[in-house]
Amino acid sequence: MPPRASKRKTAPPNSSSVTSSDGRSVLSKTKTKGLGKIDRLFNSYANSSSGVIDPDGIEALCSDLGVDHTDVRILMFAWKLRAAKQGFFTQDEWRTGMKALGVDSLSKLKKALPELQIEVGKPSNYEDFYTYAFRYCLTEEKQKSLDIESICELLNLVLGAQYRTQVDSLIEYLKVQSDYKVINLDQWKSFLRFFQEISFPDLGNYDSDLAWPLILDNFVEWMREKHS
């Protein structure tokens, strides 16, 4: 029953409502076409059984992009997709990320990677990416911490380029200390703040009375003893 729908259908051709409807229809077709290209690219890497891009698919994508699967830009791409599970991209995640990047082909995605790196490097985005990197590596349900080996690899990947000396020293400490077997998110966040705020390697402005986690107090003590 719908007299309203009936009125819309019988409106004259020059009616503004028809024009509006036609405009939406054209826009819808354009969007569908763009989404079709995005979906076809997704399907070329997705596992036909699971309907998601799995680790093998990601490795194939990396090969076609000419980047190593351990390249930090692949982690940045996962961040753009807001991928929830490490090593897997769902179709919805793929659509979200590709549309956000404004790309619908492999060649465009390849060209977008350097721009994505610049985007992530902005202070307004970097802390979110840094936090995401930790959460992306939590592979078990209810997991809240990462083992030392994984933390060292992640530090090297996400902070190595900006803070090479600090990262090398912290990794060395983490590997020789025996007090901590895992690192939680709060400790992970404190590493970035430490690198951003504390002069290195003299550590002259480090104040253990401030709200630093104990692991960094221990690291600073280890550093000072090492260089005394």
Task: Scan of the stretch 88-107 for residues that are open to solvent by less than 70 Å² (accessible area, probe 1.4 Å), assigned to a helix (DSSP H, G or I) and more than 17 Å from V67 (Cα to Cα), ordered by number - done: Q91, E93, W94, R95, G97, M98, A100, L101
Task: Condition met for E225 (at negative phi and either assigned to a loop (DSSP other than H, G, I, E, B) or at pLDDT below 95 (or both)) - done: yes
TODO: Kindly indicate whether any position in the stretch 170-192 is part of a helix (DSSP H, G or I) and β-branched (V, I, T).
DONE: yes
Task: Selection from the stretch 54-68 of residues that are within 21 Å of P114 (Cβ to Cβ), outside any helix (DSSP H, G or I) and touching a residue at least 24 places away in the same chain (Cβ under 8 Å) - done: G66, V67
Open item on the list: Let me spell it out: the conditions are (1) open to solvent by less than 20 Å² (accessible area, probe 1.4 Å); (2) in a helix (DSSP H, G or I); (3) in contact with a Leu (Cβ under 7 Å, 6 or more places away or on another chain), and K110 meets all of them except one. Which number is the exception?
Closed with: (1)
Open item on the list: Could you list, ordered by first residue, the pairs with Cβ atoms under 7 Å in which the first is in the stretch 189-201 and within 23 Å of E225 (Cβ to Cβ) and the second is open to solvent by 40 Å² or more (accessible area, probe 1.4 Å) and assigned to a helix (DSSP H, G or I), at least 6 apart or interchain?
Closed with: F200/T165; P201/T165
TODO: Scan the stretch 127-172 residue by residue and report those that are under 14 Å from F194 (Cβ atoms), open to solvent by 10 Å² or more (accessible area, probe 1.4 Å) and touching a residue at least 60 places away in the same chain (Cβ under 8 Å).
DONE: E127
TODO: Determine whether D179 is in contact (Cβ under 8 Å) with a residue 24 or more places away in the chain, of a type in the set (D, E) and either within 21 Å of Y130 (Cβ to Cβ) or surrounded by fewer than 18 Cβ atoms within 10 Å (Cβ to Cβ) (or both).
DONE: yes
Open item on the list: Of the conditions (1) aliphatic (A, V, I, L, M); (2) open to solvent by less than 40 Å² (accessible area, probe 1.4 Å); (3) free of Cβ contacts under 8 Å to residues at least 24 places away in the same chain; (4) under 22 Å from N156 (Cα atoms), L116 satisfies every one except a single condition; which number is it?
Closed with: (3)
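The values are calculated or read from the model by the stated rules, or taken from the named source; none is laboratory data. Owing to the predicted nature of the structure, the values given are computational and were not obtained by experimental measurement. Every residue, glycine among them, receives a Cβ derived from its backbone with ideal geometry; neighbour counts consider all protein chains shown. Only protein heavy atoms, including side chains, enter the accessible area calculation; ligands, DNA and RNA are left aside. Shrake-Rupley method; radii C 1.70, N 1.55, O 1.52, S 1.80 Å.
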